[in-house]
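Here's the structure we're looking at; comments come further down.
The values are calculated or read from the model by the stated rules, or taken from the named source; none is laboratory data. These figures come from a predicted structure and were not determined experimentally. Glycine gets a Cβ as well: all are built from the backbone with ideal geometry, and neighbour counts include every protein chain shown.
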Amino acid sequence: MVKWARKKDGKEIAIVEGYTFYCHYKNRIRERWSCTHGKTCKAFLSMTNSEMVTRRIIRSRQRLDHNHTRPRFVIHNVTWATKKNGKDVAVINGYTFYHRIKHQMTSTWNCTFGRACRARMIVTNGARYQDRHLVSSMLKHTHPPPAFIICDGMYIKTAEVKPESGPLGPN
């Protein structure tokens, strides 16, 4: 099974059994995806050419024997929601981000904590959530994540209850 992700530069990569592949060659009919390790690894995938990843079919011609260990990488899944005021909010690892600046091809999203936290991310522009892709990020926060829930795509901030002041009293 192939998983799809985008690198920080926005280029698409295929992930098979923990190994990463890049699109080495493309024509009208097929695509050849080579191992990202470089020329020393001869592993590759051959699949049908389609812009929609759900329509790509791996052809019988493939070589998945690698001569190196699996690369280490982290995939950040972005959850999108809408606030009561109609604005979008992005969530990564429990932290929330607001849309700060829109550029021609990308947008900058900053942590909702404010200026004290420098965490931010750059995302490709897209009207629909599925058209947005994480290009780069700096996800080091200076605070704990906020308390919230997402219900039917709506972001709802909740009150934080500290154990020492909660309904049960001090611990």
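Rundown of residues vs (1) within 27 Å of I13 (Cα to Cα); (2) part of a loop (DSSP other than H, G, I, E, B), yes/no style:
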position	(1), (2)
R100	no, no
N110	yes, no
G126	yes, yes
H141	no, yes
Y155	no, no
A159	no, yes
Handout entry: Residues located in segment 13-58, provided they are part of a strand (DSSP E or B) and at pLDDT below 85
Key = T48, I58
Practice task
Identify the single condition in (1) free of Cβ contacts under 8 Å to residues at least 60 places away in the same chain; (2) within 15 Å of H133 (Cα to Cα); (3) in the same structural domain as Y129 (by TED's automatic domain parsing) that N93 does not satisfy, given that it satisfies every other one.
Solution key: (2)
Problem - H68 being under 30 Å from T36 (Cα atoms), at pLDDT below 85 and not aliphatic (A, V, I, L, M) - result: no
Problem - Any pair with Cβ under 6 angstrom, 6 or more apart, that starts in segment 96-118 at a residue that is at negative phi and touching a residue at least 40 places away in the same chain (Cβ under 8 Å) and ends at one that is surrounded by 14 or more Cβ atoms within 10 Å (Cβ to Cβ) and part of a strand (DSSP E or B) - result: T96/V89
Problem - Members of segment 6-29 that are within 16 Å of E51 (Cβ to Cβ) and surrounded by 16 or more Cβ atoms within 10 Å (Cβ to Cβ) - result: I13, A14, C23
Completion exercise
Subset of segment 111-137, residues among the hydrophobic types (A, V, I, L, M, F, W, C), surrounded by 12 or more Cβ atoms within 10 Å (Cβ to Cβ) and under 20 Å from the mean Cα position of the chain (by Cα), comes to C111, A119, M121, I122, V123, L134, V135
